[in-house]
Amino acid sequence: MLSVKGLRANVGENEILTGLDLEVGPGEVHAIMGPNGSGKSTFAHVLSGREGYEVTSGSVQFDGHDLLELEPEERARLGLFLAFQYPVELPGVNNTYFLKAALNAIRKSRGESELDAVSFMRLMKERLKVLHLDDSLLKRPVNFGFSGGEKKRNEIFQMAMLEPRLAILDETDSGLDIDALRIVADGVNALRDPARSMIVVTHYQRLLDYIEPDHVHVLARGRIIRSGGKELALELEERGYGWIDEVAA
Amino acid sequence: MSASTADLPTSTPAATAASQYDAIVRSGYEHGFVTEIESDTLPPGLDEGVIRAISARKGEPAFMTDWRLAAYRKWLQMPTPAWASVHHPPIDYQAISYFSAPKKKDGPKSLDEVDPVLLETYRKLGIPIEEQKALAGVAVDAVFDSVSVATTFREKLAEVGVIFCSISEALQEHPELVRQYLGSVVPATDNYYAGLNSAVFTDGTFVYVPKHTRCPMELSTYFRINTANTGQFERTLIIAEEGSYVSYLEGCTAPQRDENQLHAAVVELIALEGAEIKYSTVQNWYPGDEHGRGGIYNFVTKRGDCRGARSKISWTQVETGSAITWKYPSCILRGDDSVGEFYSVAVTKGRQQADTGTKMIHLGKNTRSTIVSKGISAQHGQQSYRGLVRIAAKAEGARNHTQCDSLLIGDKCAANTFPYIEVKNPTAKMEHEATTSKISDDQLFYCRSRGLAEEDAVSMIVNGFCKEVFNELPMEFAVEAQKLLSISLEGAVG
Ligand SMILES: Nc1ncnc2c1ncn2[C@@H]1O[C@H](COP(=O)(O)OP(=O)(O)O)[C@@H](O)[C@H]1O
Ligand SMILES: [Mg+2]
């Protein structure tokens, strides 16, 4: 599904990703943990095609496509989804309208028919129910004036609507109180599917109490320095990130 | 709007563009094509003989000929307006032909009588008359090459006493009304272009809504400039009697061409006691090529007079076309408790220049005005908002709210804001907000990461930015305006 080999990327003069390897199979949930500034968001952005990063070597294969060759929207249409660490506000752009346009752009690229307003509303209602969300966010402009928790919930809702094959959740847990965290985690669990892989990026072990990963990776100084099962997360919790610098150095 | 606009202070630009996009692309002018219809055209040039010829061909009453000649004589003495923010080569007024009429003289009674070439033109524009007729509530007075050739729904309007016709017809059938009101809001001496228009206007629209009558449909005129070298001098006069209501839609597109074309329209609105006039414009004239060659020069004088107490005039405009736009739809709030509104979206890209805004002149007590201006600049577009709010000494309790937002796309465009406020009564309440924003990389990436093409993302963000204004437009018009905005911004980001 996703195969990352020896990925190196610069921001300006600085090399941020320093030879990152990662293999994600269908239906797997991978957690990537690491201290602040270790390159987690950079990795997520490089995968989804954000400008401003220069990939100097390595490769990323996604479902047989050379991901790095594609535009961000092409990646999205292939089924890649990034839940942003800092979701972006779009003043004046209605949330429902935005989602409908996005979903139909994706459907169209796959040769599927566009959903009309009625079918779209039906789908939206159904997904809201699955996620135990109410429809209060739908009439508002995308993320505009949303609280931190509302923004994160909205990201999960978008994910539910766009049905990605690979979802990257970038610190979707940060800044959430325990109730909000639970809503988000329940949503993610509801969307687990044998055909859907997930990369859950987090700074804290806490989220993994709710979302049980198949694999846990430790990212430090731009590469994965340890991989293991979910017990690795608990180990990190106990020892903190202090020891990592020694390993990564 | 008046020549005095040029006297407004030219403060340093409140905001200039700067951003990271530099790959600038062009989008073709979708409505650029020329219809082949034979025209009965006067040779280029302007003198008293030409003015007499225009008046004679239209069979106008003598007062009208005299009025035109008086306007012409005053115009000859007026200096060409000089203003801060738009630039164009001098206009040769002797190179313009001042009259052009389609060959078929008598107005058609139905679409069957309309020249098929013309119908085809509307079809290409995506505003077929058939469809408009079907859209219940929209009457069409299509102005083509200065002379109305299709008028519909007249009977239905006549039933309630609403007069909706070309100004030429009004001069034949209701000369007393024209005589009473023409020039009463925008006198011939008001400014250079209004003076020229008063001398040579060839057609336009006349609307009269009787007392306590709600006009049963949106009135709509589609303007279109067609014959090469024909300046357009439209004259619109709308009178809403006591307690009446009318909504008027004006839209225009033009075929692509080489020469600069001057357009100097005058629109006068008169709202008597308790009357309301809503005037909406979607303007999409040819903006010129990427060097700005060949576009329309749009110098328009639009003014509404809230003559009676509790009257209301509301201007809504979406301006995407023209090489140069110079217009300040204004309200004179004469009646006590009268209300003036101005909602505007203006787009400048390529080499387009727009100097636009409004004037709200508060004369009566407890008069209120609202100004919402949304300016979008892309590529090398230059845009200035110029707004004057004047509260006269006797305008006790007057209020104004101004919201002036600019959106920049790319780093070579510019937006300037020149708010100008004159308050002579201490009870006035004034609010002014202004913002400048850019479409951020973050926003574009966010949209693209959801599968949207960059252009769709831009048009979505832009439409969101303009929402407050679009909300003021009648439904069908709002849809059209959004489409137009998307088309006009295609390729503006890259
Ligand atoms: N746009 C940028 N410009 C400069 N430095 C950046 C930029 N983005 C990320 N960095 C740097 O790259 C490093 C990794 O950042 P990031 O990927 O956001 O880490 P994480 O998400 O793990 O906290 C940090 O040192 C950060 O300062
Ligand atoms: Mg991060």
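The values are calculated or read from the model by the stated rules, or taken from the named source; none is laboratory data. Predicted model, so just to flag it, every value in this text is computed and none were measured. Don't worry about glycine lacking a Cβ; one is built from the backbone with ideal geometry, like all the others, and counts go over all protein chains shown. With ligands, DNA and RNA removed, areas are computed over all heavy atoms of the protein, side chains included. Shrake-Rupley method; radii C 1.70, N 1.55, O 1.52, S 1.80 Å.
Tabulated results
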| quantity | calculated |
| --- | --- |
| Test: residue in the range A:67-88 that is of a type in the set (Val, Ile, Thr) and within 14 Å of ligand 2 (Cβ to nearest atom) | no |
| Filtered residue count, the range A:72-81, keeping only those that are farther than 11 Å from A:LEU162 by Cβ and either at the interface with chain B (Cβ under 7 Å from one of its Cβ atoms) or open to solvent by 30 Å² or more (accessible area, probe 1.4 Å) (or both) | 4 |
| Inter-residue pairs, beta-carbon under 9 Å, first of a type in the set (Phe, Trp, Tyr) and in the range A:185-205, second more than 16 Å from ligand 2 (Cβ to nearest atom) and modelled with pLDDT under 95, 6+ apart | A:TYR204/A:GLU237 |
| Selection status of A:SER59, polar (S, T, N, Q), within 14 Å of chain B (Cβ to nearest Cβ) and either within 16 Å of ligand 2 (Cβ to nearest atom) or touching a Lys or Arg at 6+ places or on another chain (Cβ under 7 Å) (or both) | no |
| Selection from the range A:171-185 of residues that are touching a strand residue (DSSP E or B) at 6+ places or on another chain (Cβ under 7 Å) and either under 28 Å from A:ARG110 (Cα atoms) or among the polar types (S, T, N, Q) (or both) | A:THR172 |
| Yes/no for B:LYS429 being within 14 Å of another protein chain (Cβ to nearest Cβ) and either surrounded by fewer than 16 Cβ atoms within 10 Å (Cβ to Cβ) or in contact with a strand residue (DSSP E or B) (Cβ under 6 Å, 6 or more places away or on another chain) (or both) | no |
| Set A:ILE16, A:ILE32: member being within 16 Å of ligand 2 (Cβ to nearest atom), away from chain B (no Cβ under 14 Å), more than 23 Å from A:ALA233 (Cβ to Cβ) and β-branched (Val, Ile, Thr) | A:ILE16 |
| Answer from A:ILE199, A:ILE168, A:ILE156 - the residue that is within 16 Å of ligand 1 (Cβ to nearest atom), β-branched (Val, Ile, Thr) and closer than 21 Å to A:ALA105 by Cβ | A:ILE168 |
| Odd one out for A:ASN94, checked against (1) of a type in the set (S, T, N, Q); (2) open to solvent by 20 Å² or more (accessible area, probe 1.4 Å); (3) more than 9 Å from chain B (Cβ to nearest Cβ); (4) within 15 Å of A:PHE157 (Cβ to Cβ) | (3) |
| Residues of the range B:332-361 satisfying the condition of being among the small types (Gly, Ala, Ser) and part of a loop (DSSP other than H, G, I, E, B) | B:GLY335, B:SER338, B:GLY350 |
| Output for the range A:44-71, where each listed residue is open to solvent by 40 Å² or more (accessible area, probe 1.4 Å) and among the aromatic types (Phe, Trp, Tyr) | A:TYR53 |
| Wholly within the range B:391-441, strands (runs of 3 or more DSSP E) carrying at least 2 residues that are of a type in the set (Lys, Arg) | B:429-438 |
| Among (1) crowded, with 18+ Cβ neighbours inside 10 Å; (2) modelled with pLDDT of 95 or more - the single one A:ARG107 does not satisfy | (1) |
| Selection count where residues are more than 19 Å from the chain's Cα centre (by Cα), part of a helix (DSSP H, G or I) and within 11 Å of chain B (Cβ to nearest Cβ), scope the range A:101-120 | 6 |
| Conditions (1) under 17 Å from the mean Cα position of the chain (by Cα); (2) modelled with pLDDT under 95: number failed by B:VAL267 | (2) |
| Subset tally (residues that are more than 7 Å from chain A (Cβ to nearest Cβ) and open to solvent by less than 60 Å² (accessible area, probe 1.4 Å)) for the range B:442-472 | 12 |
| Residues being touching a helix residue (DSSP H, G or I) at 6+ places or on another chain (Cβ under 9 Å) and either among the charged types (D, E, K, R) or open to solvent by 50 Å² or more (accessible area, probe 1.4 Å) (or both) - total across the range A:1-43 | 1 |
| Single residue of the range A:35-56 satisfying the filter (β-branched (Val, Ile, Thr) and over 17 Å from the mean Cα position of the chain (by Cα)) that is farthest from ligand 2 (Cβ to nearest atom) | A:THR56 |
| Filter result (out of contact with any strand residue (DSSP E or B) (no Cβ under 9 Å at 6 or more places or on another chain) and either outside any helix (DSSP H, G or I) or in contact (Cβ under 8 Å) with a residue 60 or more places away in the chain (or both)) within the range A:51-79 | A:GLU51, A:GLY64, A:HIS65, A:GLU71 |
